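To start, the structure itself, in structure tokens.
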Amino acid sequence: MRSPEALVAELFAKRGVSPRHLQLLSHPSWEELADVELLVGISPAADLLAEVVRQKLLVVVFGDYDADGVPGTALMVRVLRRWGVPVEGIIPKRSEGYGLTMDAVSRILALEPALVVTVDNGTVAVGEVAALMEHCPVIVCDHHEAHGERAAATVICNPKLPENQSPARELCGAGVAWYLLVATARRLGEDEKQLRWELDLVGLATIADMVPLTEENWLLARYGLEVLRKSRNVGLQALAGAAGKDLAALSAGDVGFTLAPRLNAPSRMHAEELDGRNAPLELLTTQSPQAAGRLARYLSQQNEARQRLVESHLAEARIQAAQDTSVVLVVHHPHGSTGVIGLVASRLAEETGKSVIALAPEAGVVKGSVRTVGEVHALELLQQAGKLLERFGGHARAAGLSMKVEASIQQFREAVQPAHAPEPLPAKVDMSLLLGEASLELVQLLESFAPWGVGFARPVFAVSGTLTRTRRAGAQGQHLLGELQDGGVRRRLTWFSAPERVPEGPIDLRVHLEHDDWGGRNEVCVRVVGEA
């Protein structure tokens, strides 16, 4: 049998893990992080920000309303306040539209800032940035694709720009903002190491925004989780407490499925403000434990309401999907909420294995969220329908859109279908294992490479054996518990949402390997993903 080290080497070779990522996995040291000033735009942006800080002039930070833009804006606000700078953070309401709008420009200019910094938006906000630039310089910290004309900001810091020479090419918006602050600290003579205490926000945003956890992002997420587990941010402490999570034991899954949804929930429910202030931003920037507790409870209440709304929308979407044979599913909620259509698109894509665009009206305009699978590129789909759209933007896997008033849903549905149907994706398997190779040592070695996530997924292994000692669990008996046996080797088995009928005798399975420490146990558990 192969050793755990040999298995991991084979795993990473099969995946084609980049030399840069392998280096970080082998030597996860802070000193391995590439110089932040290699990122395009960071050096001139830091020069400008440092000068404004020295003069103690007003800075307005404008961020997106999601779990990247909000933590990124909070990061800038917290650090600039610490440096004694007057600063105002602005997060738009979801109903006001994504990114910079002319209404947002008016709101910003009313504060008479000396500098505007955008976080998680701005690269293609041509008219809006031009309007700001008539009054003050603008630094754009963004990570979205620069499709179309680029805004003429004073400086654009965006790893997606073709001229970027940094190995950090997949940063989220909060990551870009943190790079800018580190470079600015150097110019101010501040101790840049103190900024590592703000990596809790960067790690949260990196995981929540589902950017690839490869290379620099993996290191930021890893150290971000370490800082998060001992966070000094009273808002994050309260958020974890309201979610029933032990901050000291927080995992990447807890961030993605528990904390981030709560930060997103108020905007999805169009209830962002509490006492006239953006509740998620206030939570992440307050210094008051009492205020943090109240805000965290409010976010949790909004999250519960959001969950109910998603389920009702999803039930309607499933009915539409069952009647649609298109390659790209387009589901329309004529009386739905734009706040949850992104979640509906994600869930439906997972369930159907198809790319999904979910649409709903808002203020007389049909808006949509795109989630793609396989080789389908979200922005390319929307470019095909460009004549029908007022605006769109996003990434290869996720995007948003606003349709022109005169465009019809059917026109749009037809326009976004790819010229050729993509090949169905085979069931994901990284490599095959003998059951005896699924050892506790292997599980512990794999855990040393956490966090796993988008672009660096937890490995899926193919294993064979015979199911024994099985029993059903769950309210509807939907789960299967038991053991998998191969010769004299046995491993505990968990199969969530197992088929009603599981084949008797030998079976080939796709599994994750987990450490089972329930009730004092210390053994390997194979968690079934599906049949191989």
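The values are calculated or read from the model by the stated rules, or taken from the named source; none is laboratory data. Treat the numbers as computed from the prediction; the structure is a model and nothing was measured. Don't worry about glycine lacking a Cβ; one is built from the backbone with ideal geometry, like all the others, and counts go over all protein chains shown.
Numbers for the structure displayed
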quantity	calculated
Some residue of the range 138-157 being over 16 Å from the mean Cα position of the chain (by Cα) and assigned to a helix (DSSP H, G or I)	no
Qualifying residue in the range 32-49 (condition: surrounded by fewer than 23 Cβ atoms within 10 Å (Cβ to Cβ), of a type in the set (S, T, Y) and not in a helix (DSSP H, G or I))	no
Exclusive hit being β-branched (V, I, T), out of contact with any Cys (no Cβ under 6 Å at 6 or more places or on another chain) and more than 21 Å from T372 (Cα to Cα), set V429, V463	V463
Meets criteria (assigned by TED's automatic domain parsing to the domain that holds D66 and over 21 Å from the mean Cα position of the chain (by Cα)) for A168	no
Complete set of residues in the range 106-127 that are among the hydrophobic types (A, V, I, L, M, F, W, C) and either surrounded by 21 or more Cβ atoms within 10 Å (Cβ to Cβ) or part of a strand (DSSP E or B) (or both)	I108, L115, V116, V117, V119, V124, A125
Any chance E282 is of a type outside the set (A, V, I, L, M) and modelled with pLDDT of 95 or more	yes
Flag for V52 being surrounded by 15 or more Cβ atoms within 10 Å (Cβ to Cβ), in contact with a Gly (Cβ under 8 Å, 6 or more places away or on another chain) and farther than 14 Å from Y179 by Cα	no
Single match in A130, A183 (criterion: in contact (Cβ under 8 Å) with a residue 40 or more places away in the chain and either in a strand (DSSP E or B) or of a type in the set (A, V, I, L, M, F, W, C) (or both))	A183
Of all residues making up the range 383-405, the number that are at pLDDT 95 or above and among the charged types (D, E, K, R)	2
Filtered residues of the range 62-95 (kept if in contact with a Phe, Trp or Tyr (Cβ under 9 Å, 6 or more places away or on another chain) and surrounded by fewer than 21 Cβ atoms within 10 Å (Cβ to Cβ))	I90, K93
Some residue of the range 338-351 being closer than 30 Å to W197 by Cβ, of a type in the set (A, V, I, L, M) and surrounded by 23 or more Cβ atoms within 10 Å (Cβ to Cβ)	no
Failed item in (1) buried (at least 17 other Cβ atoms within 10 Å of the Cβ); (2) in the same structural domain as K404 (by TED's automatic domain parsing), with K387 passing the rest	(1)
Answer residue from the range 477-532, given it is of a type in the set (V, I, T) and in a strand (DSSP E or B) and is nearest to the chain's Cα centre (by Cα) among those	V529
Checklist (1) outside any loop (DSSP other than H, G, I, E, B); (2) buried (at least 20 other Cβ atoms within 10 Å of the Cβ); (3) of a type outside the set (D, E, K, R) applied to I319, failing item	(2)
Count of the range 363-380 residues which are buried (at least 22 other Cβ atoms within 10 Å of the Cβ) and either touching a residue at least 60 places away in the same chain (Cβ under 8 Å) or in a helix (DSSP H, G or I) (or both)	1
Among (1) small (G, A, S); (2) in contact with a Gly (Cβ under 9 Å, 6 or more places away or on another chain); (3) modelled with pLDDT of 95 or more, the one test that A185 misses	(2)
Search result, residues across the range 228-275 that are among the charged types (D, E, K, R) and within 12 Å of D200 (Cα to Cα)	R229, K230, R232
Looking only at the range 406-465, and only at residues there that are closer than 22 Å to G256 by Cβ and among the small types (G, A, S), the one that is surrounded by the most Cβ atoms within 10 Å (Cβ to Cβ)	G453
Only one of W218, W178, W197 that is closer than 30 Å to A248 by Cβ and touching a strand residue (DSSP E or B) at 6+ places or on another chain (Cβ under 8 Å)	W218
Wholly within the range 186-267, helices (runs of 4 or more DSSP H) carrying at least 2 residues that are surrounded by 19 or more Cβ atoms within 10 Å (Cβ to Cβ), of a type in the set (D, E, K, R) and in contact with a Pro (Cβ under 8 Å, 6 or more places away or on another chain)	215-228
